[in-house]
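So the structure is just underneath, and the comments pick up after that.
Every number here is computed from the coordinates shown, using simple stated rules; none is lab data. From a predicted model like this one, the values you see are computed outputs, not experimental measurements. Don't worry about glycine lacking a Cβ; one is built from the backbone with ideal geometry, like all the others, and counts go over all protein chains shown.
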Amino acid sequence: MQLEAIRIINDNIGGNNVSVEQAVKGIFNKVLDIRPDEIKPDAKLDQAFGVDSTEMVEISVGLKKELGVSIADNELKKTHSFNDIVQILKAKGVK
């Protein structure tokens with residue numbers, strides 16, 4: 001699992017065409033130890049994966065570290081699903 005996350009993140013950093021979804025799945029894998037194939041776009045993060053506020057901050061830090069994109073606290077509070085995070089990143093210009 002960890003190797004998959006590292007591969008996805010390295011591909012993204014290396015400039016390969018990795019989708020936003022794949023990059024976020026890699027970060028979820030790294031932070032939450034969730035396999036990419038277990039992540040459903042509309043699954044509620046707290047219900048499906050037991051994500052709490054501390055883990056949301058860890059995801060935010062991972063996004064900043066790996067993708068160079070910050071998600072403000074007020075935006076972070078509005079994220080309830082994997083897809084919410086992807087949409088915020090796309091709105092910030094991440095492709």
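Which residues in segment 59-95 place their backbone N less than 14 Å from a point set 7 Å from the Cα of LYS44 along the Cα-to-Cβ direction?
Counting backbone N atoms under 14 Å from the label point, the list is 79-82.
Can you list the aspartates and glutamates whose alpha carbon sits under 20 Å from that of LYS44, skipping same-chain ones fewer than 8 residues off?
Correct list for LYS44: GLU21, ASP33, ASP52, GLU55, GLU58, ASP73, GLU75, ASP84.
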